[in-house]
């Protein structure tokens, strides 16, 4: 059936096609984009671009990164010397040409492929109900508590923020993975090594 598909292109080192297809139904970035498309349709009654077409899912182009482990994780040839011959080290141009010729061009289907995941209106609603909306409510509650001039009674009247939400794919936590970052060291002992103070977040926006 015809419809609208969100088009994404990502580069990845470790790729599992079946896992990507499954995770796309509850991926934070992807489902936020799909939700935005739904809201645009609602606000504009489809409009010229979206029309009356249903939003059907995601077409997800994947470019596998070479030199990140596994197939194609090669190194430039070093110089070799024998009693009768000296072979110079492989230049950068020669190295990348060998990577292109012997690996990428030899098996393009391994390096470039598309995953198509169908996403229903119910999938979008489940994502909103169990993840996105609770997160946004929590963010709004936090903002109000930190904003001068917003009365305590006004905040209290809104009730406590949703405390439970389903963690989406695409979110990584060093704490949940058993690791730690420079930020954890700062919280623990005040060390700012590896950190940088900024006045504006997300300057690219």
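The numbers here are math on the coordinates, done by the rules we state, and not lab data. Everything numeric in this text was worked out from a predicted model, so none of it was measured. No Cβ is skipped: glycine too gets one built from the backbone with ideal geometry, and neighbour counts run over all protein chains shown.
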Legend entry - 202, 95, 26 arranged by Cβ crowding within 10 Å, fewest neighbours leading: 202, 95, 26
Legend entry - Residue order, fewest to most beta carbons within 10 Å, for 187, 31: 187, 31
Inset, instruction - Only Cα pairs under 8 Å and at least 6 apart count here; give the relative contact order of segment 1-120 as a rounded whole percent. - result: 35 percent
Legend entry - Mean separation of Cα contacts under 8 Å (6+ apart) over length of the chain, as relative contact order %: 23 percent
Inset, instruction - In a Gaussian network model over the chain where Cα atoms closer than 10 Å are linked, find which of 33, 186, 103 has the largest mean-square fluctuation. - result: 186
Legend entry - Helical contribution to [θ] at 222 nm, DSSP H n ≥ 4, -39,500 (n - 2.57), averaged over the chain, rounded to 500: -10000 deg cm²/dmol
Inset, instruction - Write down Rg/Rh for the chain, rounded to two decimals, with Rg from the C-alpha atoms and Rh from the Kirkwood relation over Cα pairs. - result: 1.11
Inset, instruction - Please determine, in degrees from 0 to 90 and to the nearest 10, the orientation of helix 133-146 with respect to the longest principal axis defined by the Cα atoms of the chain, where the helix direction is its Cα long axis. - result: 70 degrees
Inset, instruction - Take the alpha carbon atoms of segment 27-140, find their radius of gyration, then divide it by 2.2 N^0.38 Å using N residues; give the quotient. - result: 1.81
Legend entry - Least to most buried among 175, 67 (fewest other Cβ within 10 Å first): 175, 67
